[in-house]
Amino acid sequence: VRQAERFSEAPDAATVDQLAAALAKPVARTEEDVAAGFMLERPAAVVEMLEKATRKIGVLSVVTSAARAQLCRRMNILRRQMEPSGLKPLFSQGDDPDSYLIPLTGNIVCVGTLHAATPREQRWKSMVTAGHDLWLEMGVSGDFGACCTAFPLVQNAPPAGVGVPIARSPGVKGTAGTSTKRPQVVTLLSVHMADLIEAVQPEYDEHESRATLLGQIDCFSKWTPPDLATLAHFFRLETKPQGYCLIAQRHRLERFIVLIEGEVTVAKPNPFGGGDVNHVLESGLAGSYVGEETLFRQDKKVLR
């Protein structure tokens with residue numbers, strides 16, 4: 001999932017048009033859909049085409065070809081048009097969506113709350129751009145539903161190859177883009193959630209493990225399980241060899257590090273000489289954290 005976030009790009013207009021044409025007829029997701037006569041899965045030839053067309057889109061770019069083909073069997077496309085009352089959210093915090101969404105055109109603004117209904121309540125916001133994933137925002141790896149409310153930044157659908165102006169959705173600060181008479185829509189791929197979790201089960205299990213480990217650390221011990229599930233998305237588990245330098249004095253640090261196993265030392269060159277021999281200032285065992293002082297410095301540089 002992290003690899004997909006780093007390397008995925010917004011699909012070009014030709015790819016979006018190809019997907020829209022192939023997915024024009026929806027696949028059944030509910031009993032009502034089945035009763036209405038929707039197909040249960042897509043034909044093999046269409047699945048083969050979809051598997052190739054989605055190889056560079058979001059999380060679909062990092063699963064195996066077989067898993068991607070399985071996801072394409074029940075894939076749909078969702079197009080949301082601006083309504084007179086304004087855009088409704090794609091999902092709200094606490095919802096348990098049965099479909100996983102990947103924006104193809106337009107961006108998604110997500111607003112969530114940590115420590116809700118407590119004196120420590122804090123709001124956070126993220127932007128998910130076209131071609132990327134709502135993995136964190138939809139709470140895919142947790143058991144507590146979506147961890148935020150998501151609003152599309154609707155764009156005016158242009159002819160193929162024409163630049164896309166962005167319009168801000170209600171309640172979001174910003175400058176509206178150039179307007180046209182074309183209907184305002186946002187286009188998203190919709191993948192069955194149960195199918196996705198089956199395809200990425202190792203990632204799902206690792207996330208649960210991270211949330212459990214964080215809950216055992218003093219500085220996060222009072223966090224609720226839903227908040228820990230949100231927090232766990234921002235951490236990754238790494239193993240370093242003995243003698244590895246996690247951070248260096250006066251170097252810029254972009255990470256907050258929590259020690260799960262082992263021991264770390266904070267040291268400076270020995271003031272009494274001795275060449276490379278370090279003078280140990282303090283040690284830390286499992287449960288210690290490193291880099292917290294950079295949270296309060298604008299230059300992000302480590303003092304020691």
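Worth pointing out:
- Looking across the stretch 124-148, the residues that are of a type in the set (Asp, Glu) and within 21 Å of residue 62 (Cβ to Cβ) come down to 133, 137.
- Residues of the stretch 93-109 that are open to solvent by 30 Å² or more (accessible area, probe 1.4 Å) and farther than 21 Å from residue 18 by Cα: 93, 94, 95, 96, 98.
- The stretch 56-73 - residue that is in contact with a helix residue (DSSP H, G or I) (Cβ under 6 Å, 6 or more places away or on another chain) and open to solvent by 50 Å² or more (accessible area, probe 1.4 Å) and, of those, modelled with the highest pLDDT: 73
- Residue satisfying all of: in the stretch 24-55; basic (Lys, Arg) and either in a helix (DSSP H, G or I) or surrounded by fewer than 16 Cβ atoms within 10 Å (Cβ to Cβ) (or both); modelled with the lowest pLDDT among these: 55
- Qualifying residue in the stretch 107-121 (condition: modelled with pLDDT under 85, in a strand (DSSP E or B) and farther than 19 Å from residue 9 by Cβ): no
- Members of the stretch 221-266 found to be touching a Ser or Thr at 6+ places or on another chain (Cβ under 7 Å) and aromatic (Phe, Trp, Tyr), listed by number: none
The values are calculated or read from the model by the stated rules, or taken from the named source; none is laboratory data. What you see is a predicted model; the values in this text were computed from it and never measured. Don't worry about glycine lacking a Cβ; one is built from the backbone with ideal geometry, like all the others, and counts go over all protein chains shown. Side chains included, ligands, DNA and RNA excluded: accessible areas come from the protein's heavy atoms. Shrake-Rupley method; radii C 1.70, N 1.55, O 1.52, S 1.80 Å.
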